[in-house]
1. I need the full set of residues from the range 163-217 which are assigned to a strand (DSSP E or B), free of Cβ contacts under 8 Å to residues at least 60 places away in the same chain and under 27 Å from Leu109 (Cβ atoms), in order please.
2. I need the full set of residues from the range 181-204 which are over 22 Å from Thr45 (Cβ atoms), of a type outside the set (Ser, Thr, Tyr) and in contact with a helix residue (DSSP H, G or I) (Cβ under 6 Å, 6 or more places away or on another chain), in order please.
3. Among the residues of the range 51-61, is there at least one that is surrounded by 12 or more Cβ atoms within 10 Å (Cβ to Cβ), within 16 Å of the chain's Cα centre (by Cα), closer than 30 Å to Asn98 by Cβ and of a type in the set (S, T, N, Q)?
4. Tell me, which strands (runs of 3 or more DSSP E) wholly within the range 9-83 include 3 or more residues that are under 18 Å from Arg134 (Cβ atoms)?
5. Would you mind telling me which numbered condition in (1) polar (S, T, N, Q); (2) loosely packed, with under 15 Cβ neighbours inside 10 Å; (3) touching a residue at least 12 places away in the same chain (Cβ under 8 Å) Asn84 fails?
6. Could you identify the single residue in Arg108, Arg93, Arg81, Arg104 that is modelled with pLDDT under 95, of a type in the set (Lys, Arg) and under 21 Å from the mean Cα position of the chain (by Cα)?
7. With Val65, Val70 as the choices, which residue is surrounded by 16 or more Cβ atoms within 10 Å (Cβ to Cβ), in contact (Cβ under 8 Å) with a residue 40 or more places away in the chain and of a type outside the set (Asp, Glu)?
8. When only residues in the range 15-47 that are among the charged types (D, E, K, R) and closer than 14 Å to Val173 by Cα count, which is surrounded by the most Cβ atoms within 10 Å (Cβ to Cβ)?
Amino acid sequence: MFVLSGASLTYGRRTALEQISLTIDEGEKVALIGPSGAGKSSLMTLLQAQHPGLIALCPQEHGLVNILSVYQNIYMGGLARHGNLYNLLNLIRPWPANRSEVARLADRLGIGERLWASVDRLSGGQRQRVALGRALYRQQPVFFGDEPVSSLDPEQADELLGYVLAQHSTAVVAIHHPQLALKHFSRVIALKDGRIAGDWPTDRLALADLTSVYQPA
């Protein structure tokens, strides 16, 4: 589904990725691990460009509109399913069916009671749930998440990550929690200094194998 062969990515004079070759098949759930600055976000950028219309993205910075409500931010994940006039009217005065859909999703994510609050009044963890809700409301087969549960406590992160992954047939997720990578994903790709440092099926890995990726060379 995704193929890179000797791909590199630079930002000005800085090389973010160098000579990356990999294939990700439909149905795989892939965790990207590695220290900050290793190239995880850059790798997701290259992969996303191959099938942008099939991907529900949850970016690291969330990309929320602060002056809009939780409902409006989640609903924006489904804008492509309707015309401009329909969407404008629904954002101003939601249709009952859309309001019910978004409310059920917000309840499932633990933010149902904040549905009409503007997102600038939310905590970091609540904002992350809104970003997840918007991605889920896109209803796409592929999920890309860049640290999508980093603001949640371990128990909540475990539960919500499992739920999100179950809604998508394929996923690529940058994550800093080795335990979650082992539990929820079928494959782990480790990055260091813009290169692939390891690529393994999770059934052949132990926690110590992953934590060593974060150790200095």
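1. Within the range 163-217, none qualify.
2. Selection gives Leu182, His184.
3. yes
4. Qualifying strands (runs of 3 or more DSSP E): 55-58.
5. (3)
6. Criteria check complete, one pass: Arg81.
7. Of the residues listed, the single one that is surrounded by 16 or more Cβ atoms within 10 Å (Cβ to Cβ), in contact (Cβ under 8 Å) with a residue 40 or more places away in the chain and of a type outside the set (Asp, Glu) is Val70.
8. Filtering first and then ranking leaves Lys40.
The values are calculated or read from the model by the stated rules, or taken from the named source; none is laboratory data. Fair warning: this is a prediction, and the values are worked out from it, not measured in the lab. Counting neighbours? That spans all protein chains shown, and the Cβs are built from the backbone with ideal geometry, glycine included.
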